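For reference, the structure discussed in these notes is given below.
The values are calculated or read from the model by the stated rules, or taken from the named source; none is laboratory data. Just so we're clear, the structure is a prediction, and the values are computed from it rather than from any experiment. Cβ placement follows ideal geometry from the backbone for every residue including glycine, while neighbour counts extend to all protein chains displayed. Note: accessible area is taken over every heavy atom of the protein model, side chains too, but ligands, DNA and RNA are not part of it. Shrake-Rupley method; radii C 1.70, N 1.55, O 1.52, S 1.80 Å.
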Amino acid sequence: QEVLMCEDAVERLRKVLLILKKDLESTRLQSQFRSQIEDKFAKENKKFILMQQLRYIKRELNLERDDKQSIIAAFKESIKKLGNLVPTEAAKAMDQELSKLGNLEPQSAEFNVCRSYLEWLTALPWGKYSEDNTDIDRAERILNEDHYSLEDVKERILEHMAVSFLKGSVHGKIMCLVGPPGVGKTSIGKSIARAMDRQFYRFSVGGLHDVSEIRGHRRTYVGAMPGKIIQALKIRQVSNPVILVDEVDKLGRDFRGDPSSALLEVLDPEQNAAFRDLYLDVPFDLSKVLFICTA
C-alpha cells in the first residue's frame, strides 16, 4: 500500500527494492534449511540402505545371523545342553517362551521380558549336584583348622553331618546357630560348607520387609527378578549348596507381607521339594540344599 501511495517514482522503486530484498533473503534461508534437511535425510537413508545390504550380504555368506535368530539359536543350544535334567513343567515353560519369543519383534518391550525369563530358566543348575565329602575325620580336621575350641558346637555339627551321610541326604535338616554378634556364627557356616565340599552362599534377612526378596517378583512388574534363593543357585551353579540365612530373628513385617511366612516355604522339608518362585513360576527342588540360620 505504501508503494502504491508513493508519487515519486524513485522513492517507489526504492521501497519495492527493500521488499524484494526481504523476500529474497527469506527464500534463500528457506532453501538453505530445506537443502540441509534433505541432505540429512539422504545421508540417513543411504546409511540405512547400505547397512541393510551389508547385513544381507553377510547373511548370504553365513558370516552373520539375524540378531533375533542368533538369540533363539543360543537358547535352543542351552536347553539342549540341559538335556533330561529339567523337570517336565520347566521344559514345557521353556518351549512355550521360546516359541513366543520367535513371534515377537526385537524392538518390543515384551521381547526383553521374555528373553530375561529364558535367560534365568536356562542359567539355573537343573539337576547339577556337587559330590559331598563323606569323611568325618577330614570334616573334623577342617572345623578344627578354622575355629579354636567351640567343642560342643563342632560335636553337634559332626553329629548332624554323620546322620546326613548315613541317611544319604540332608533333607529336613536345618541348623540354627544362636549367639551374640561376633562369636563366629557366619564363619562356622563357611567351615561347614568347606567340610562338606559344598558351595557356600550367604544372605542377610535382617530388617527385610518385602516378601519378593525371598519369593521373587511377578513378571508383570518392571525390573522383576527372582528371589534370593534362586539367585543363590544361579550364582553357585549347583542345586545343593550350603545357604546361610543370616539374622533370621530380625525379619521385618509390614503391609508388603510377612517374609517369615515366605521363608517357611523355603525351609519346610515338606514344601521345598517343589519351591515355586513367583518370577519363574515353575517348581525347583530345594530338598538337597543345606540351610543354616543364624540369630
**Study point:** Lone qualifier among Thr88, Thr122 - being among the hydroxyl-bearing types (Ser, Thr, Tyr) and surrounded by 12 or more Cβ atoms within 10 Å (Cβ to Cβ)
**Key:** Thr122
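Every residue, every condition in (1) surrounded by fewer than 21 Cβ atoms within 10 Å (Cβ to Cβ); (2) within 22 Å of Lys190 (Cα to Cα), yes or no:
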{"residue": "Ile235", "(1), (2)": "yes, yes"}
{"residue": "Asn240", "(1), (2)": "no, yes"}
{"residue": "Asp249", "(1), (2)": "yes, yes"}
{"residue": "Gly257", "(1), (2)": "yes, no"}
{"residue": "Leu263", "(1), (2)": "no, yes"}
{"residue": "Ala274", "(1), (2)": "yes, no"}
{"residue": "Pro283", "(1), (2)": "yes, no"}
Practice item. Count, please, the residues in segment 241-292 that happen to be touching an Asp or Glu at 6+ places or on another chain (Cβ under 8 Å) and not β-branched (Val, Ile, Thr). Key: 10
**Study point:** Residues that are touching a residue at least 60 places away in the same chain (Cβ under 8 Å) and on the phi < 0 side of the Ramachandran plot, drawn from segment 118-148
**Key:** Trp120, Leu121, Ala123, Leu124, Pro125, Trp126, Lys128, Tyr129, Ser130, Glu131, Asp132, Asn133
Point to revise | Verdict on Ala74 being small (Gly, Ala, Ser) and open to solvent by less than 50 Å² (accessible area, probe 1.4 Å) | key: no
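Let's see how each residue does on (1) in contact with a His (Cβ under 7 Å, 6 or more places away or on another chain); (2) surrounded by 12 or more Cβ atoms within 10 Å (Cβ to Cβ); (3) not in a helix (DSSP H, G or I):
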residue	(1), (2), (3)
Ser99	no, no, no
Pro106	no, yes, yes
Val113	no, yes, no
Tyr117	no, yes, no
Trp126	no, yes, yes
Glu131	no, no, yes
Ala139	no, yes, no
Tyr148	no, no, yes
Asp152	no, no, no
Exercise for review: Check off (1) part of a helix (DSSP H, G or I); (2) of a type outside the set (Gly, Ala, Ser); (3) surrounded by fewer than 10 Cβ atoms within 10 Å (Cβ to Cβ) for Glu7 and give me the number that stays unchecked.
Suggested key: (1)
Practice item. Could you tell me whether segment 192-207 includes any residue that is under 30 Å from Glu97 (Cβ atoms), surrounded by 17 or more Cβ atoms within 10 Å (Cβ to Cβ) and not hydroxyl-bearing (Ser, Thr, Tyr)? Key: yes
Revision key, fill the gap. The condition from (1) more than 30 Å from Val178 (Cβ to Cβ); (2) at pLDDT 85 or above that Asn84 misses is numbered (2)
Review point. Counting only residues that are over 28 Å from Gly189 (Cα atoms) and in contact with a Leu (Cβ under 9 Å, 6 or more places away or on another chain), how many does segment 104-140 have?
Key: 8
Check your understanding: Can you spot a residue in segment 48-67 that is part of a helix (DSSP H, G or I), within 30 Å of Leu280 (Cα to Cα) and under 57 Å from the mean Cα position of the chain (by Cα)?
Key -> yes
Practice item. Under 6 Å between Cβ atoms, at least 6 apart or on separate chains: pull out the pairs that start in segment 88-108 with a residue that is more than 13 Å from Glu119 (Cα to Cα) and end on any residue that is open to solvent by 100 Å² or more (accessible area, probe 1.4 Å) and part of a loop (DSSP other than H, G, I, E, B). Key: none
Practice item. Might you check whether a residue that is polar (S, T, N, Q) and within 26 Å of Val113 (Cβ to Cβ) occurs anywhere in segment 265-285? Key: no
